[in-house]
1. Any idea which residue in the range 92-136 is surrounded by the most Cβ atoms within 10 Å (Cβ to Cβ), counting only those that are of a type in the set (A, V, I, L, M), within 17 Å of E159 (Cβ to Cβ) and touching a helix residue (DSSP H, G or I) at 6+ places or on another chain (Cβ under 6 Å)?
2. From the list S166, S201, S184, which one is more than 21 Å from the chain's Cα centre (by Cα), under 26 Å from R10 (Cβ atoms) and among the hydroxyl-bearing types (S, T, Y)?
3. Kindly indicate whether any position in the range 197-211 is modelled with pLDDT of 95 or more and more than 24 Å from S39 (Cβ to Cβ).
4. Taking the range 149-166, which residues are in contact (Cβ under 8 Å) with a residue 60 or more places away in the chain and acidic (D, E)?
5. Within the range 117-141, how many residues are farther than 18 Å from L99 by Cβ and polar (S, T, N, Q)?
6. Within the range 31-83, work out how many residues are without any contact (Cβ under 8 Å) to a residue 40 or more places away in the chain and on the phi > 0 side of the Ramachandran plot.
7. So which residues in the range 36-52 are over 27 Å from R116 (Cα atoms) and buried (at least 22 other Cβ atoms within 10 Å of the Cβ)?
Amino acid sequence: MQISEKVWFRKPLYPTLKRQGFAMADMHVHTIYSDGFMSPKTLLKKARKLGIGLAVTDHNDIRAALQLAREDIMFIPGIEVNSKTNKDTLLYFYKINDLKEFYEKHIAAYRFGWRRLRVRKTMTEILEDAEKYNCVKSLAHPYGYLTKNIIKTLNKRSEIMRLVDSIEIVNGGNTRRRNTKAISLAQENEKAFTAGTDSHSIGEFGKIVTFSYADGVESFLDNIRQRQNFVMGKESSKLRCTFEEGMRTGMKVGYPLERAGYRTKDAIKHSIERIKPGMGGLKSRINIRRTRNRLMRRVKL
C-alpha cells in the first residue's frame with residue numbers, strides 16, 4: 001500500500017477511531033519549556049478531553065516530558081533536537097529513562113543560542129548519538145520554510161537518510177503542497193512515517209494524529225517502524241501559522257530584555273550581599289552607642 005493511501009487530510013474522527021480500537025497521538029508538540037505557549041497541565045487536560053496520546057517534542061529540553069511521563073495517558077517520550085545549522089530531528093524513545101540519559105549525555109552541555117534552542121552538533125552527529133538508544137528517529141518537516149527545509153542538507157549528506165527511521169509527512173505548520181512532497185520523499189526512500197501538528201498553542205494541538213492498533217507506547221512505536229500506522233488531520237491555516245510565527249518572533253525580540261532584567265536583578269542582589277556585612281557592623285555600633293547613652297543617663301540620675 002502506498003503511504004498516500006494511509007493519509008486522510010480531514011479533521012480527526014476521535015470517537016470513531018477510538019471505538020475501532022486505534023491508539024492516537026499528536027507526535028509534534030511544543031510547550032513553555034521551549035518556544036511554545038502551553039503548559040504541560042494544559043496539554044494534559046486537552047489530551048484527556050480528546051482521548052488521544054501525545055509526544056512533547058520541545059527543542060533540546062525534556063522538562064515537560066519528565067512531568068507528563070508520570071500521567072495516565074499514552075505519552076511518548078520525545079525531543080526535537082536542533083543542529084547547529086538549525087535543522088531539526090525528532091526522536092521518540094520507548095522509555096523515559098532512555099530519553100533522560102540521552103539528553104544528559106548528548107544534549108544538555110551542547111545547547112546554545114536563543115533559549116538554548118540549538119546544539120553544537122551536526123544532524124549526522126545527533127543521529128549517531130541516538131543510534132545507541134532504542135528510539136525512532138524522524139526527519140521533521142523536510143520541506144519546511146527557510147531554515148526548516150532540509151532537502152539541500154540531505155543532498156549534501158547522504159548518510160542522514162540512511163540513519164533515520166522515518167519522515168514527518170504531515171506537519172501542521174506546512175502547506176498541503178509541502179506535506180505532499182514529504183509523503184513522496186518517504187515513499188521514494190522506503191521510510192516509515194510520522195505526523196503531528198507542530199503546535200505551539202493549545203488551539204492547534206490534536207488536529208493531526210498518527211494512529212494504529214496498539215496497546216501502549218512500545219507497540220505504537222513498533223507499528224511506526226513497520227509502517228503499520230496511519231495519519232489523519234489537516235494543516236493549520238496560513239493566517240494561524242503567521243500569527244504563531246509572529247508570537248515566537250516577539251518572544252525572540254523580548255528575550256534579550258528578559259535576560260538583561262535577570263542580570264540587573266542579580267547585580268543588585270550581589271551588591272546588597274556585599275553591603276550587608278558593613279551594615280551589620282554599623283548596626284552593632286549604633287546599638288553599642290545607644291546602650292552606652294542609656295547607661296550614662298542612669299549614672300547621672
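The values are calculated or read from the model by the stated rules, or taken from the named source; none is laboratory data. All of these numbers come straight from a predicted model, not from anything done at the bench. A quick note on method: Cβ atoms are made from the backbone with ideal geometry, for glycine too, and the neighbour counts reach across all protein chains shown.
1. Taking the range 92-136 first, the residues of a type in the set (A, V, I, L, M) are 96, 99, 107-109, 117, 119, 123, 126-127, 130, 136.
So of that shortlist, the ones also within 17 Å of E159 (Cβ to Cβ) come out as 123, 126-127, 130.
From the residues that got through so far, the ones that are touching a helix residue (DSSP H, G or I) at 6+ places or on another chain (Cβ under 6 Å) too are 123, 127.
Numbers: M123: 24, L127: 22.
It comes out as M123.
2. Details: S166 fails: more than 21 Å from the chain's Cα centre (by Cα); S201 fails: more than 21 Å from the chain's Cα centre (by Cα).
Matching residue, one of S166, S201, S184: S184.
3. yes
4. Taking the range 149-166 first, the residues in contact (Cβ under 8 Å) with a residue 60 or more places away in the chain are 150, 153, 164-165.
Listed by number, the list holds a single entry, D165.
5. Total satisfying the criteria: 2.
6. The number of residues fulfilling the criteria is 1.
7. Restricting attention to the range 36-52, the residues satisfying the condition of being over 27 Å from R116 (Cα atoms) are 45-52.
A47, I52 - these are the residues of the range 36-52 that are over 27 Å from R116 (Cα atoms) and buried (at least 22 other Cβ atoms within 10 Å of the Cβ).
The rows are residues; the columns are (1) among the hydroxyl-bearing types (S, T, Y); (2) modelled with pLDDT of 95 or more; (3) in contact with a strand residue (DSSP E or B) (Cβ under 9 Å, 6 or more places away or on another chain); (4) buried (at least 22 other Cβ atoms within 10 Å of the Cβ).
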| site | (1), (2), (3), (4) |
| --- | --- |
| K152 | no, no, no, no |
| E159 | no, no, no, no |
| I167 | no, yes, yes, yes |
| N174 | no, no, yes, yes |
| L185 | no, yes, yes, no |
| A192 | no, yes, yes, yes |
